[in-house]
1. Out of 352, 341, 322, 336, I need the residue that is touching a strand residue (DSSP E or B) at 6+ places or on another chain (Cβ under 8 Å) and farther than 15 Å from residue 55 by Cβ. Which one?
2. State whether the residues of the stretch 337-354 include one that is outside any strand (DSSP E or B), under 38 Å from the mean Cα position of the chain (by Cα) and surrounded by 17 or more Cβ atoms within 10 Å (Cβ to Cβ).
3. Looking at (1) part of a strand (DSSP E or B); (2) without any contact (Cβ under 8 Å) to a residue 40 or more places away in the chain, find the lone condition where residue 240 falls short.
4. Of everything in the stretch 172-187, what is more than 23 Å from residue 201 (Cα to Cα) and crowded, with 16+ Cβ neighbours inside 10 Å? Give them in sequence order.
5. Give me the residue from the stretch 142-153 that is assigned to a helix (DSSP H, G or I) and surrounded by 12 or more Cβ atoms within 10 Å (Cβ to Cβ) and, out of that set, modelled with the lowest pLDDT.
6. Can you pull out the residues in the stretch 247-279 that are loosely packed, with under 14 Cβ neighbours inside 10 Å and touching a residue at least 40 places away in the same chain (Cβ under 8 Å)?
7. When the stretch 82-105 is examined, which residues are found to be more than 18 Å from residue 213 (Cα to Cα) and touching a strand residue (DSSP E or B) at 6+ places or on another chain (Cβ under 7 Å)?
């Protein structure tokens with residue numbers, strides 16, 4: 001039998017290899033043992049998060065509605081004389097006018113001629129009345145003497161009365177012509193803003209034809225469409241915040257609530273006087289005009305509730321969730337019912353309790369049961385947010 005003889009160098013290499021493998025195995029075993037001894041939170045943290053708390057407080061109750069801006073009242077200004085030619089228009093659409101201001105004038109030559117004729121008629125009637133009065137006075141002087149008959153005396157007295165009546169008639173005709181002359185100027189019946197002008201220079205208009213339309217006193221109102229179920233919550237004097245299409249906000253107050261509800265839409269109208277910009281400054285030009293759409297929020301008081309920062313709410317499959325952090329840093333997915341939006345805060349109507357620790361942001365990257373690493377706790381007070389609307393809303397999320 002042949003025997004294999006190993007040289008000393010070969011034996012040394014084999015021994016070194018065995019020792020190396022043994023050392024690697026020992027190191028691996030110790031590493032696994034060390035990993036097994038580490039806390040689970042440090043070994044398997046799925047995400048590093050901040051936490052927030054659900055806070056309770058008094059929240060404003062608001063009823064949101066849509067509607068249109070309209071003129072408080074409109075005045076129709078038309079011609080009062082018939083068959084006159086428009087000579088001059090002194091205002092245009094959008095101009096502000098004052099009560100008694102001249103808006104337009106008609107050609108007055110014909111009317112002035114009629115006035116002169118009426119004056120002459122008055123003078124003639126007065127002359128005839130003076131002669132009749134003198135004859136009547138002479139008849140009275142000889143009455144009873146037999147110088148003239150009783151029939152002649154009655155005739156003179158009757159002529160006196162007839163002449164006086166003709167004077168009054170001539171004066172009435174003069175007044176009518178003077179009124180026509182006055183109507184050759186179209187006067188603003190009230191202060192306001194010209195919203196329409198249909199007259200043109202040179203046109204001949206008939207009596208009663210509309211020439212201008214005014215927004216009386218420049219006052220506008222908002223007519224909000226309120227569902228019949230909520231109409232009883234709106235009362236006269238309720239404060240309203242209106243938002244124009246430009247984003248400018250205005251203060252308003254309910255002037256009247258319609259006594260009826262539209263049979264087709266089942267909505268009732270609330271008539272709101274627009275008082276001015278919310279910040280008390282001057283509103284931007286054209287911020288609100290009749291016919292514009294605007295959104296309004298009726299301020300109905302306050303009620304208690306819980307809020308969290310909106311980023312803490314995650315929407316999945318049409319439902320809203322938050323992630324509650326437990327004492328072991330494991331998160332629990334909790335389904336919640338959301339309510340009013342208040343700035344960056346969102347009302348939570350059910351699902352969490354006050355002072356619950358919730359993942360402030362990044363919940364869309366978590367699943368139920370994940371372990372997180374908490375680095376900071378930041379509680380946000382709901383009072384720091386501005387109220388928006390009393391309507392259920394859902395937070396945005398992945």
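1. Values: 352 fails: farther than 15 Å from residue 55 by Cβ; 322 fails: farther than 15 Å from residue 55 by Cβ; 336 fails: farther than 15 Å from residue 55 by Cβ.
Only one candidate qualifies: 341.
2. First pass over the stretch 337-354, keeping only residues outside any strand (DSSP E or B): 343-344, 351-354.
With the extra rule that they be under 38 Å from the mean Cα position of the chain (by Cα), the set shrinks to 343-344, 351-354.
Next cut, surrounded by 17 or more Cβ atoms within 10 Å (Cβ to Cβ) only: 351-352.
Scanning the stretch 337-354, I find at least one residue that is outside any strand (DSSP E or B), under 38 Å from the mean Cα position of the chain (by Cα) and surrounded by 17 or more Cβ atoms within 10 Å (Cβ to Cβ), so the answer is yes.
3. With respect to (1) part of a strand (DSSP E or B); (2) without any contact (Cβ under 8 Å) to a residue 40 or more places away in the chain, residue 240 is out only on (2).
4. Across the stretch 172-187, the qualifying residues are 173, 174, 177.
5. The first filter runs over the stretch 142-153 and keeps only residues assigned to a helix (DSSP H, G or I), leaving 142, 150-153.
Narrowing the set further to residues that are surrounded by 12 or more Cβ atoms within 10 Å (Cβ to Cβ) leaves 142, 152-153.
Working: 142: 83, 152: 87, 153: 86.
Only one residue fits best here, namely 142.
6. If the condition is that a residue be loosely packed, with under 14 Cβ neighbours inside 10 Å and touching a residue at least 40 places away in the same chain (Cβ under 8 Å), then 265 is the only one that fits.
7. Within the stretch 82-105, the subset more than 18 Å from residue 213 (Cα to Cα) is 82-85, 87.
Selection gives 83, 84, 85, 87.
To keep it simple, each residue is scored yes or no on (1) at negative phi; (2) loosely packed, with under 13 Cβ neighbours inside 10 Å.
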{"residue": "197", "(1), (2)": "yes, no"}
{"residue": "206", "(1), (2)": "yes, yes"}
{"residue": "210", "(1), (2)": "yes, no"}
{"residue": "213", "(1), (2)": "yes, no"}
{"residue": "218", "(1), (2)": "no, no"}
{"residue": "222", "(1), (2)": "yes, no"}
{"residue": "234", "(1), (2)": "yes, no"}
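The values are calculated or read from the model by the stated rules, or taken from the named source; none is laboratory data. Note that the coordinates shown come from a computational prediction; the quantities given were computed from them, not determined experimentally. Neighbour counts are summed over all protein chains in view; Cβ atoms, including those assigned to glycine, are modelled from backbone coordinates with ideal geometry.
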